[in-house]
Amino acid sequence: MITDACGIPLATTLTGANRHDVTQLKALVEAIPAVQGRRGRPRRRPDRVQGDRAYDSQPHRLWLRSLGIASDLARRRTDHGSGLGVHRWVVERTLSWFHQFRRLRTRYDRRADIHESFMALGTCLICWRFLEKSLC
């Protein structure tokens, strides 16, 4: 899952539990939908991507840089205290919002399309609740 700075989910992908996080970085960044704002071409890319140590990879840093996206990824084998935990709680909170739905907490469905449908429904409900409360 990739979220904006307020915790609204922008894109989700479904993978097996044994897949490494860094393998999904490109798919998630490319899955971000166009966001309309000011006149002209809608934005398709974020200004900055933040991630924990699981996303530390030099080829992915270079790929993000080639897209014009600044990467703020924690480096492996360094001391903790990079400061990303200050921002990481937003993603953790969004994950806990997804886990409020029983069908998303534990995967009971064998078919991926059914589980993806429930993820999309969960995303819609989270966005709706977010807009009702306007937390950001």
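Every number here is computed from the coordinates shown, using simple stated rules; none is lab data. Bear in mind that the values here come from a model prediction, so they are computed numbers and not experimental data. Heads up, the Cβs are rebuilt from the backbone with ideal geometry, glycines too, and the neighbour counts pull from every protein chain shown.
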- Calculated FRET efficiency for the pair Leu14/Thr78, C-beta based, R₀ 30 Å, to 0.05: 0.45
- Message: At 222 nm, what value in deg cm²/dmol follows for the chain if DSSP H runs of at least 4 each add -39500 (n - 2.57) and the sum is divided by all its residues, to the nearest 500?
- Response: -12000 deg cm²/dmol
- Message: Could you work out how much longer the chain between Trp63 and Arg129 gets when fully extended? Use 0.36 nm per residue separation minus the Cα distance between them, nm to one decimal.
- Response: 20.3 nm
- Note on the structure: For segment 1-116, the percent of all C-alpha pairs falling in each 10 Å bin, from 0 up to the bin holding the max distance, is 11, 39, 35, 14, 1
- Query: Mind listing the phi-derived Karplus ³J(HN,Hα) values for segment 113-118, rounded to whole Hz, using 6.51, -1.76 and 1.60 with θ = phi - 60°, and x for any glycine or proline?
  - Reply: 5, 5, 5, 5, 5, 5
- Given R₀ = 30 Å, FRET efficiency for Ala5-His115 by Cβ-Cβ distance, to 0.05? 0.65
- For a quick protection proxy, order the peptides 40-46, 92-98 by their average other-Cβ count within 10 Å, most packed first. 92-98, 40-46
